[in-house]
Structure formats: C-alpha cells, structure tokens
Amino acid sequence: MENIKLDTSKAVEFLAAGTVKGYEPKVKAAQEALESGTCEGSDFLGWLHLPTETTGDFLNDVEACAELLRAKCDTVVVAGIGGSYLGARAVIEALGNSLQWLVNDGSKAPNVIFAGNSISEDYLSELTNYLKDKKFGVINISKSGTTTETALTFRLLKKQCEAQRGKDEAKDVIVAITDSVKGAARKTAEKEGYKTFIIPDNVGGRFSVLTPVGLLPIAVAGFDIKALVRGAQDMEKATAVDVPFKQNISAQYAAIRQALYTQAGKKIEILADFQPKLHFMAEWWKQLYGESEGKDGKGIFPAACDFTTDLHSMGQWIQQGERSIFETVLSVEKPNSKLLFPHDDENLDGLNFLEGKRVDEVNKMAELGTRLAHVDGGVPNIRVSVPKLDEYYLGQVIYFFEKACGISGLLEGVNPFNQPGVEAYKKNMFALLGKPGYEDETIAIKKRLAKEK
C-alpha cells in the first residue's frame, strides 16, 4: 500500500535557497537524541516505538472488551480530557457517519459520547437527562483519577449507571484506563472490580492515541484498530532515523515549519482541511503541537480551519491579513462515497456547467484554487496528501504528526514532552474553590481580587 505524501514546494519558495537542506544535520541530531533517549523529556518517549511494540494479543484483549461493551450497551460515554479523548474522537468522527446521531446504519456499534472535558453544568445536565433511558456504559480515562473535569463527570456517571443498572451490572460496563498501580482511578477500579487497561508511564496524554486511551473507544465505535496500528507501524518504519532526509516526511515537515518560523517570521500555522470529518483531527493536532512547543516564550501557534466553510469567515484574513502565517493542508485524495451533480432545466443558480461532475471534483478544485490564491497572497503552503479516509491511513497520519512534533520541538530548543504551564489555572481554581491544602493560595488570590475591584 502507498503512504501518505508531503508536498512542500509551495512553502520552500518563501525561503532562501538551501535553507531546508541546511536543517538536515540538526534534524539528524534530533532524531538520534530521540532514539538514544538523550533528549529532554526522555522519560516520555514510549510513543516512539509504540506501534511496532504493540502485540496481537494486546489488541485482541482490547477488542474483546469492546465487544462486551457493544453487546451490553446502546451508549458508551468516554470520560476524559485533552489527550485522553481528542485522539479517539478524531478517528471516530473521521470514519463515522457525519449524521450518526440521526441515522441507524444497521451496525451493532453503540453511540460513543465524549464527556469529562469541561465543567459545563448545562452540558452535564443535558447528558445525564439523555442517558436516563439508555443502557449506557462508561470508559473512564485518567492516569490520576483526580483531574477535576473528568473526575467530576465520572462521579456523576458512576452514580447514574449504578442507579439504572444496579452495582453488579454496572461494574461490567465501566472500564478504567489509568495508572498501573497508583491513583484514585486505580483504587476505585480495584475496589469496584472494573476491567482496567494501563496508560503507560512513558507516554504523555497527547501521544496516547495508540494506547488503550484511543484504541478502546475506537474499537467500541466499530472500527478496525489493527488496521490503525498497522498504518502507524508502516509510518514508524518510513520515518525511522536511518531513512534519508529526502524520503523522511516527518523530518521534512519538522524542518520546514521551523525554517518558516525562525527565518521567515511565520509564527502561526493553520491546519486546513476540506473534509468536515477531519475537524477533530485538527483539534487533536492543535493540542499535540500547542502543548509540545508552546513554552519558554517560544512556539508556533497552532490554529485550524475547516474549508471551504471558514473561507467565508477567516478567508479574508488569511488572504490579506498580517503575513505571519503559513498553512498545512490535510488533503484526502479519494472520498468514500460518490455523488454526481444533477441537471436543472431552469439553471437559475447557473451551475449546469457542473452537471455530471462528482461533488468531490468541485471540492478538489476549491482546494487547489484556495492553495494557489493563498500562496499568491503570501502564505506558504504545505500539503499532506492522504489516499483515503480509513483506519490504515489515519494510523499513518497520527504517527507522522507525532514523530514530526518530537523532532520539531527539539529543533526549537524546548522539551516537547512536558506541559508545566497547564497547572497555573488549576492552582487558581482550587484556591478560589477553597480546596483543602490551598489555604495560603486562597488568601493570596482573595487579596489580589480585592485590589482589582
């Protein structure tokens, strides 16, 4: 099978000749640091060879658990935040029916709902009301079991599931994906007798799609996790340290985006797609690159647009706004459906010239026209070409971006695998809520707020 492809020709023209090639030794050093574990954050490199280290027996265990949930549930709620849900949601929404809430496609797959990623009372109230007449199960994803958004949601879901199904039945449809030995979620799972899967200690949340964190919800939704992992395995091999720079698309992508950032002043990267199904793939990508590179006063700001929709809102800014941006287009070569444009006798919309054409041909010309217009407007353009939307190629996309992210962060000179800044809001929130142990912070923040009145 072919691999996804990278086209940087419309980006290198914004750089001085030989700039990207000049990154080759730096990229090589970054790859070797990843392989040898000598880079910062080396205790979180478990994702690097995760695809090829994943065994068939392990995948069979995940699939067996998914089958149990599919047999016993019409709805499964995934409780998790950040990397604990975005990767799974990205794959499920890319592969699923866009109107899956409105149609019955005849499959045995339950509805998979994502929660635990906000503290909205309205959303949680609507969710618990929706679940009142459902045979629902829960996948609780939390290494610690104390992440506020997820823990709050799980407590609500656990109580409701037990009330509706009884404790004995509830324990069979609640699964914990958590730390191997410690944490509140581990203790709860052992006490209640839940099926558990382990979040590897050396895999950070945003790199965890190919662990049970992503694989179990994807399998519950009815998709082929073995094909997903196989795609990632092939991309792991295609981006290995011994693959020449010119053939290594992760290395090239990392190099050119850092060159655009440091030498062309492009501080914002827009990931664009022309398929609504890829919206959450872009959301996962935003977290992957934002958390990995945004630190020490550095980092390309990751943004995303769904085209052609956002061309009618953000298109003006992209075309003629401040020239601080570059664009990466995630392009799907072949749609999974076929729809021809019809004839209309009156032709009031003037579109009969499209008669008989596939709708995707119109979409592809919109994509090409957009890329040309944006390049003409001073926006460097990178294209990631995906043969089709299926499990195998999504596995490739996931690993391609992960590997490029690790290399890019090291080129930038930061630790791509930590996220110290995300604790700041939590400290303030706990102080404001009066959490035990935060008494000094509570006093300090109250004094600050009093001065600001």
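The values are calculated or read from the model by the stated rules, or taken from the named source; none is laboratory data. Predicted, not measured: the structure shown is a model, and the values here were computed from it. FYI the Cβ positions are ideal-geometry reconstructions off the backbone, even for glycines, and counts take in every protein chain you see. To get the accessible areas, we keep the full protein, side chains included, count just its heavy atoms, and leave off ligands, DNA and RNA. Shrake-Rupley method; radii C 1.70, N 1.55, O 1.52, S 1.80 Å.
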I'm trying to understand the selection: among the residues of the range 370-398, which are of a type in the set (Val, Ile, Thr) and not in a loop (DSSP other than H, G, I, E, B)?
Thr370, Val375, Ile382, Val384, Val386, Val397, Ile398
So, first residue under 19 Å from Val62 (Cα atoms) and in contact (Cβ under 8 Å) with a residue 24 or more places away in the chain in the range 160-183, second residue open to solvent by 70 Å² or more (accessible area, probe 1.4 Å) and in a helix (DSSP H, G or I), Cβ within less than 7 Å, six or more apart or across chains; the pairs are Asp172/Lys72; Val173/Lys72
Taking the options Ser98, Ser118, Ser9, name whichever one is polar (S, T, N, Q) and modelled with pLDDT of 95 or more.
Ser9
Go through the range 239-288 and count every residue that is farther than 14 Å from Phe326 by Cβ and not hydroxyl-bearing (Ser, Thr, Tyr).
28
Restricting the range 75-95 to residues that are in contact with a Lys or Arg (Cβ under 7 Å, 6 or more places away or on another chain) and surrounded by 22 or more Cβ atoms within 10 Å (Cβ to Cβ), the one modelled with the highest pLDDT turns out to be Ala94
Here the residues within the range 59-71 that are open to solvent by 60 Å² or more (accessible area, probe 1.4 Å) and touching a strand residue (DSSP E or B) at 6+ places or on another chain (Cβ under 9 Å) are Asp61, Leu68
Within the group Ala232, Ala219, Ala189, which residue is at pLDDT below 95, aliphatic (A, V, I, L, M) and in a helix (DSSP H, G or I)?
Ala189
Going through Glu283, Glu291 one at a time, which residue ends up being closer than 25 Å to Leu95 by Cα and either under 17 Å from the mean Cα position of the chain (by Cα) or not aliphatic (A, V, I, L, M) (or both)?
Glu283
Looking for something crowded, with 18+ Cβ neighbours inside 10 Å and in a loop (DSSP other than H, G, I, E, B) - is there at least one such residue anywhere in the range 276-293?
no
Looking at the range 295-314, can you tell me whether even one residue there is in a loop (DSSP other than H, G, I, E, B), in contact with a strand residue (DSSP E or B) (Cβ under 6 Å, 6 or more places away or on another chain) and closer than 25 Å to Ala29 by Cα?
yes
State the number of residues belonging to the range 371-392 that are among the charged types (D, E, K, R) and in contact (Cβ under 8 Å) with a residue 60 or more places away in the chain.
4
Selected residue [in the same structural domain as Ala240 (by the TED database), open to solvent by 30 Å² or more (accessible area, probe 1.4 Å) and without any contact (Cβ under 8 Å) to a residue 40 or more places away in the chain] from Leu368, Leu354
Leu368
Residues in the range 20-41: is at least one crowded, with 21+ Cβ neighbours inside 10 Å and more than 30 Å from Thr262 (Cα to Cα)?
no
